[in-house]
Amino acid sequence: MLSMTRIGLAPVLGYLIIEEDFNIALGVFALAGLTDLLDGFIARNWANQKSALGSALDPLADKILISILYVSLTYADLIPVPLTYMIISRDVMLIAAVFYVRYRTLPTPRTLAKYFNPCYATARLKPTFISKVNTAVQLILVAASLAAPVFNYADSIYLQILWCFTAFTTAASAYSYYHYGRKTVQVIKD
């Protein structure tokens, strides 16, 4: 339910940013962040609340939210186009890799119903340390970029330094998945 809320908030945030209603967008972003924190807290502390569907929806909600935020913040001229392109490209490559791993680990006969059934888990992607750092840095950049027009620091050198640091961690994260490859995938055997 919390992941679905985050997915539902993503286009609302995109609309608010494009309409340059940054005050409300900042509040909605905080709400989306709260649902993510609450979702993780519940999954870690109440085992009966964990599900295969939830573990598939949570990262999907994060990717949708991040993608919409970066595209809309780029449209509003608060994040540079090359950085957004880099972030979206990395995510597309990761998603393609997940689809490939899903196909390879699915037992025969492989059917579309089995392939797209999130309750039938065959593999788990373990994020690398730099990927976790990158996620945090990307979220910090989104928060800082959303707050920039509200608090009047859109042209700050510190924001530009954060762009560079985000580009570095995004590239490092992409490389870590390429370099460690199979070590980041855990095949689930029934």
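The values are calculated or read from the model by the stated rules, or taken from the named source; none is laboratory data. What you see is a predicted model; the values in this text were computed from it and never measured. Here the Cβ is made from the backbone with ideal geometry for all residues, glycine too, and neighbour counts use every protein chain on show. Remember, those area values only see protein heavy atoms, side chains included, never the ligands or the DNA or RNA. Shrake-Rupley method; radii C 1.70, N 1.55, O 1.52, S 1.80 Å.
The residue that is farthest from residue 94 (Cα to Cα), counting only those in the range 166-190 that are open to solvent by 100 Å² or more (accessible area, probe 1.4 Å) and either of a type in the set (Lys, Arg) or in a helix (DSSP H, G or I) (or both), is 189. Of everything in the range 76-105 that is charged (D, E, K, R), without any contact (Cβ under 8 Å) to a residue 24 or more places away in the chain and at negative phi, the residue that is least open to solvent (accessible area, probe 1.4 Å) is 102. Residue 22 fulfils the conditions (1) open to solvent by 40 Å² or more (accessible area, probe 1.4 Å); (2) over 15 Å from the mean Cα position of the chain (by Cα); (3) of a type outside the set (A, V, I, L, M) except for a single criterion, (1).
In a residue-by-residue description of the range 66-75, the property of being open to solvent by 80 Å² or more (accessible area, probe 1.4 Å), free of Cβ contacts under 8 Å to residues at least 24 places away in the same chain and of a type outside the set (A, V, I, L, M, F, W, C) applies to no position. Among the numbered conditions (1) loosely packed, with under 15 Cβ neighbours inside 10 Å; (2) in a helix (DSSP H, G or I); (3) not charged (D, E, K, R), the only one that residue 108 does not meet is (2).
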